[in-house]
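Heads up: the structure comes next, in structure tokens.
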Amino acid sequence: NNGIKKPKGYTVSYHANPEMEQMHFGQKHPMKPWRLTLTNKIVMAYGMHEAMDIYIPRAASSQELKDFHRGDYIDFLQRVTPSDNTWDPDSQTYAYNTGDDCPIFDGLYNYCSLYAGASLDAARKLTNHQSNIAINWSGGLHHAKKNEASGFCYINDIVLAILQLLLHHPRVLYIDIDVHHGDGVEQAFWSTDRVMTLSFHKYNRAEFFPGTGALDDTGPLNNASPGAHHSLNVPLHDGIEDAQYIKLFEDVVKPCVRQYKPTAIVLQCGADSLGGDRLGCFNVNIKAHGACVAFVKKFNLPLLVLGGGGYTPRNVAKAWAYETSLCIGAEVHPNLPAHTPFLEHFGNEKTLFPKLDFTRYENKNSRVYLESVVMGIMEQLRYLQG
Ligand code: ZLV
Ligand code: CA
Ligand code: ZN
């Protein structure tokens, strides 16, 4: 042990099933479940497991998955195999939007029910007061829809976990710092005021997936709908930097919590918002990404911490291991412990805080632009005062 102790006065639980880390989306596919192995190895090498309750959750049952998803879609996921030919010439896709982004691979259903089971287990630890913070790095798959797969996501574990929280909580705030828009979660709770969704993302309707999440997409336009003004979006351009990102995050999240008064928070920590990500386009460092987690933790509300995107595995693993340390309030040495498995995988960067590659994207976010985004959010929040 590296002197890492259980946090005083609160409990952190860590939900991870190693069975899903072996799954493969295919050679050229950017989603690598193996990044979870790397994350867990760093967490353990620091001795962080000593400070948390560790659970190996069971897979979610098909009944549990059907609490959000349509029965025929779940039945499809359960029976489909890589050799099935489900090409639909009418829609030019495979059934239920599976195909290139969402391939059908061996063990797909097992993979889906495992990450969903972990998020449900984590949510239940919060609702039965066994945990104050519950972490599932394998979850956070925010694009999945009721009736179809989308953007590497098949089951929306976030929606399932929030439905669990809503059994005990009147209001849940969902915050999403993945570089992509959290469209599946937004859509699921579009018409209700019991969930506020807030996504920070790169926005370009024509060129960046999924193309939704404009500043003025804030819920049903009919003001009589309870969901009006309860979907908030922070659309960003390429290259946003640490100081800007942290200030923006705090300037937006703080008034959301003050106005909405959630009784629980779900934080999707997609690591594709880091600089140097294979799919992302921001210039955010691991410390700044973590600062968002630390800021949300300070509200002292039951907190569900989830993963999401993240396509440069060595950086994903460092970010999520660091964010685990922030959750338990432990100071960790900036150098990875010498006995960390796969240490050779990190090349010359044996530190938790590598210099990320910011050469690809110039910062297109002006101060004036970011101020206008904050003003737009504040305008929406003014509608909330009953
Ligand atoms: O990080 O994909 O752009 C949560 C998350 O938010 C698209 N997909 C759609 C629209 C047409 N397709 C492209 C089809 C490509 C299929 C394979 C890739 C393969 C290699 C390298 C990059 C991609 C790729 N796909 C990059 N962006 C996409 C997006 C989906 C992004 C999902 C983000 C998921 C886990
Ligand atoms: Ca996002
Ligand atoms: Zn993403």
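Values in this text are rule-based calculations from the coordinates and carry no lab data. Predicted, not measured: the structure shown is a model, and the values here were computed from it. Using ideal geometry, Cβ is built from the backbone for each residue, glycine included, and neighbour counts are taken over all protein chains shown.
Taking Thr359, Thr340, Thr81 as the candidate residues, the one with maximal mean-square fluctuation in a Gaussian network model of the chain, Cα springs under 10 Å, is Thr359.
Taking the Cβ of Arg70 as the centre, find all other residues whose Cβ is under 12 Å away and add up their charges (Lys, Arg: +1; Asp, Glu: -1). Before the final figure, lay out each step's value.
Details: positive: Lys66, Lys145, Lys146; negative: Asp67, Asp72, Asp75, Glu148.
Neighbour charge sum, excluding Arg70 itself: -1.
Report the extension gain between Asn85 and Lys5 in nm, rounded to one decimal, defined as 0.36 nm multiplied by the number of residues separating them, less their alpha carbon distance.
Length gained, Asn85 through Lys5: 23.6 nm.
P(r) tail, the chain: Cα-Cα pairs separated by more than 37 Å, 15% of all pairs. Applying Stokes-Einstein at 25 °C and 0.890 mPa s to the Kirkwood radius of the range 68-109, computed over alpha-carbon pairs, gives a translational diffusion coefficient of 228 µm² s⁻¹.
Computed across the range 1-155, the Kirkwood radius stands at 16.8 Å (inverse of mean 1/r, all Cα pairs). Counting only Cβ charges, +1 for Lys and Arg and -1 for Asp and Glu, the dipole size of the chain around its Cα centre is about 1260 debye. Using +1 at the Cβ of each Lys and Arg and -1 at the Cβ of each Asp and Glu in the range 247-299, identify which of Thr263, Cys292, Gly275 lies farthest towards the dipole's positive end. Working it through, the farthest residue towards the positive pole turns out to be Thr263.
Farthest towards the positive end of the charge dipole of the range 78-179, among the residues Ser119, Thr98, Asn156, is the Cα of Ser119, using unit charges on the Cβ of Lys, Arg, Asp and Glu. Considering only Ala321, Ser62, Tyr203, and ranking their Cα positions along the charge dipole of the chain that arises from unit charges at the beta-carbon of Lys, Arg, Asp and Glu, the one farthest toward the positive end is Ala321.
Pairs Lys5/Lys350; Lys6/Lys298; Lys125/Lys145; Lys6/Lys350: which exceed 21 Å Cα-Cα? Provide the component values of the computation, followed by the final result.
Working: Lys5/Lys350 24 Å; Lys6/Lys298 17 Å; Lys125/Lys145 25 Å; Lys6/Lys350 26 Å.
From Lys5/Lys350; Lys6/Lys298; Lys125/Lys145; Lys6/Lys350, over 21 Å: Lys5/Lys350; Lys125/Lys145; Lys6/Lys350.
Please compute the net charge surrounding Glu186, taking Lys and Arg as +1 and Asp and Glu as -1 over other residues with Cβ under 10 Å from its Cβ.
Values: positive: none; negative: Asp176, Asp183, Asp217.
Result for the neighbourhood of Glu186: -3.
Sorting Cys256, Cys112 from the fewest to the most surrounding beta carbons within 10 angstrom yields Cys256, Cys112. Expressed to the nearest 5 percent, the antiparallel share of DSSP beta bridges inside the chain is 15 percent.
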